[in-house]
Structures are given as C-alpha cells and as structure tokens.
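The values are calculated or read from the model by the stated rules, or taken from the named source; none is laboratory data. Since the structure is predicted, the reported quantities are computational estimates derived from the model, not experimental observations. Methodologically, a virtual Cβ is constructed for each residue, glycine included, from the backbone with ideal geometry; neighbour enumeration extends over all protein chains shown. Surface areas here come from the heavy atoms of the whole protein model, side chains and all, with no ligands, DNA or RNA. Shrake-Rupley method; radii C 1.70, N 1.55, O 1.52, S 1.80 Å.
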Amino acid sequence: MLQQLWYGQSRWRWLLAPVALLFAIISGARRVAYRRGWFKAYRASLPVIVVGNISVGGNGKTPVVVWLVEQLQARGFRPGVVSRGYGGKAPYYPYRLDANSSTAQAGDEPVLIARRCGCPVVVAPKRADAVRLLEQGGEVDIIITDDGLQHYGLARDIELVVVDGVRRFGNACLLPMGPLREPVTRLKRVDAILCNGGTPARGEYPMRLVADVPRRVRDDVPASGPLPRVVDALAGIGHPPRFFATLTSLGYELQQSVGYADHQAFERDELLARFGERALLMTEKDAVKCRGFALENWWYLPVSAELPASLLDSLLQKLNLARAPAAGSEH
C-alpha cells in the first residue's frame, strides 16, 4: 500500500500532508541543532565514513560497505564497521560480533559484513558507543558506519548516499507522505552520491551489483555446476522485486517468488512448509538468518558492488590519507 502511495501517482498521499509537515519540522530542527552545536555530536579520533540514504527501504548500502572495507583492506588500512544492529537484541551494548554471533543478537546486516569481510564489527543503538569501543581496542584506523546518515549524534568526515537508480525518490515527499527521511536538497551537502542501477544523474557515481556463483546456505559451499532453471525465491530486503529481477536476468524461472519485510525474522516451520521441493534462492542477507535450519537445496546469491576506482581515491584525498599505505604502517 505505502509503496504504491510513494512510488505511484496517488492523490491520497495529500491526506498525510499534516503528518509529513510535522515530521519535516521535527527532523529539520534536529539537523539545525546539531549543525549549530546546540546538540553535542561525538567526534571520533579516527576518520568516520557514513554510508546511508535519504529514503526508506534497501538501496544497496550494505554492498557498498563491503566494497569500502575490501578496498581499504587492499590498500593496507584496518577498517572497522559500526551499525545500529536493527532486528537484533544483543546481551549488552556496545556489542562486538564474534564467530558465534547470531542475527537475533546483532541483526542480519552486521553478521553478513562480519562474515564476508572478517573485520571488527560493533553494534549499538548509539553508534558513538560502538565507535568508542573500536577506538579503545586499537585494532582499526578507519571507521565505516552502515546506515546512520540521519544519526547526527556521531560526527562524520565523509558522507556517502546510495540512491536507487530506478525508483529514485518516488514522489519526493517526506515520510509518511513519501519515502524520504530527508529532503532531496540534503544531497547537496554529501560527499558522493552512488546511483545503484538505472541512469546516474549528473555528478553521481554509477554503481551496479554483480552476482557471483550461488553458495549453499548451510555451509557456504559454492555450487559445483548450474542450478536448476526452475527455482523458488525469497527475499526479506527493502525492495524484493529487485532481487527477483536479478534472478530472472540470470536465466532462472521463478515458480514461487515470496517477498518478506526487510529484516524480518524468519519462522523455521513456515519456511520449511513453504519451500523444499525445488531449489530455493535467496539473498546473502537472508541466508545468515536461515543457516541453522536450511535444507540441502537452499542457496544464496552473493552480490558485490561495482564502483569506479576513482571513488575511493577521491575519498582518501578528502581525508588526507595516503593512497596505498604499507601494511601495518601508521596513518
């Protein structure tokens, strides 16, 4: 319903205009308060890069975080990641993930990042608390925050915004009248805009998600050959149709394609009752929640962000960091 309201031409959205106005006043006042120093933001001793968006729903932030971590690691940096840990309830905060951390504790995206990148990942409702823990540990020399563009309690050095290149900004209205957390004019103050799919607007960096070989959910083993052409699919992400379209473009015929809410905690019995006969394909974010009860023929499709090499060079220049420091050196 909301998707049709936000991304269609429905005039019913004007019924929500008073609430959207109230949201604009409150969120705008909060931004001004932090900008003028009336509210105190935590300034880390390490460079902080925020990867976020101005709209609700999945735009591809997590693949960008993974890309940043991998690119920085290749240049000799030691990045750490902080996150809200949405969907998880840790035994305490700030909570640093380890090899046994579950999505119920830390949320799906932090678990995915920790397993994929092998870097320190800390979750906390107040991201500044997570940053302090990484600073105290001395293991990292640069911090990336997964989401958090609107979390102004943490000062940042670089802001990256990911935009859905196909849906863009919908009706360009603020919540709940439209999909925006902040007005489009907010983009004038960010360091880079990454356009995920579609045609980039002037000044935006083109981005696309590249699929890798499917991997078995229960043990991450790559498929030794092509999967059956006819498969089932599920996606519990911000915009499931994007994943289903990717599978179709790869030649799969989807017998069932079931979309779930973003960050939804799956019910084992419900999934086992719905899927099982055919091979099942899901996103990597879904796979970390299903690993403990997945069937033999359940697979996930890893995707990686493909971005211009000039983007990271530009970010490092803005941070006044060496482009390719020697491994183990001080920055």
Exercise. Can you give the FRET efficiency for residue 278 and residue 213, using 1/(1 + (r/R0)^6), R0 = 22 Å, r = Cβ-Cβ distance, to the nearest 0.05?
Worked result: 0.70
Exercise. Taking the Cα centre of segment 47-173 as the origin, how large is its charge dipole in debye, to the nearest 20, when only Lys and Arg (+1) and Asp and Glu (-1) carry charge on their Cβ atoms?
Worked result: 180 debye
Problem set entry | Potential extension, residue 14-residue 229 segment - 0.36 nm per residue separation minus Cα distance | 72.9 nm
Seminar exercise, completed: If each part is reduced to its alpha-carbon centroid, segment 12-73 and segment 171-231 end up apart, in Å, by 17 Å
Seminar exercise, completed: Among beta bridges assigned by DSSP with both residues in the chain, the antiparallel ones amount in percent, to the nearest 5, to 20 percent
Exercise. Once you charge only the Cβ atoms, +1 for Lys and Arg and -1 for Asp and Glu, what is the size of the charge dipole of the chain about its Cα centre, to the nearest 20 debye?
Worked result: 1240 debye
Exercise. How many lysine pairs does the chain hold where the Cα atoms are under 16 Å apart and the two sit 8 or more places apart or on different chains?
Worked result: 4
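Rounded to the nearest 5, what % of DSSP beta bridges with both residues in segment 162-284 are antiparallel? List each step's numbers first, then the result.
Details: 1 of 16 bridges.
The antiparallel proportion sits near 5 percent.
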Seminar exercise, completed: Taking the chain and counting helices only, DSSP H stretches of n ≥ 4 at -39,500 (n - 2.57) each over all residues, the nearest-500 ellipticity at 222 nm comes to -8500 deg cm²/dmol
For this session: Give me the accessible area per residue for segment 141-266, probe 1.4 Å, as a whole number in Å².
Result: 42 Å²
Exercise. Once you sort the root eigenvalues of the Cα gyration tensor of segment 121-242 as a ≥ b ≥ c, which label holds: rounded (a/c under 1.5), prolate (a/b larger than b/c) or oblate (the other case)?
Worked result: oblate
For this session: With a 1.4 Å probe and every protein chain kept in, tell me what percent of the accessible surface of the chain is carbon plus sulfur.
Result: 54 percent
For this session: Quick one: what are the phi-derived ³J(HN,Hα) couplings along segment 89-102, Karplus 6.51/-1.76/1.60 with θ = phi - 60°, whole Hz, x for glycine and proline?
Result: 9, 6, x, 6, 9, x, 10, 8, 5, 10, 4, 9, 5, 9
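Going by accessible area, probe 1.4 Å, with all protein chains left in place, what is the ranking of 61, 126, 318, 89, largest first? Provide the component values of the computation, followed by the final result.
Details: 61 25, 126 135, 318 100, 89 170 Å².
Greatest to least solvent exposure: 89, 126, 318, 61.
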Problem set entry | Other-chain or far-sequence residues with amide H under 5 Å of residue 154's (modelled H) | 42
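Rounded to the nearest 5, what % of the DSSP beta bridges within segment 56-146 are antiparallel ones?
Working: 2 of 10 bridges.
Of the beta bridges lying entirely in segment 56-146, close to 20 percent run antiparallel.
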For this session: May I ask you to compute the full-extension gain from residue 320 to residue 171, defined as 0.36 nm times their residue separation minus their alpha-carbon distance, rounded to one decimal in nm?
Result: 49.8 nm
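By per-residue mean of other Cβ atoms within 10 Å, what is the highest-first order of 10-21, 146-157? Walk me through the numbers before you get to the answer.
Working: 10-21: 13.2, 146-157: 19.1.
Per-residue Cβ counts within 10 Å, averaged per peptide and sorted highest first, yield 146-157, 10-21.
Please work out the FRET efficiency for the pair residue 36 and residue 261, using the Cβ-Cβ distance as r and a Förster radius of 56 Å; give the result to the nearest 0.05. Working shown, then result.
Details: r = 37 Å, r/R0 = 0.66.
Efficiency computed from Cβ-Cβ geometry: 0.90.
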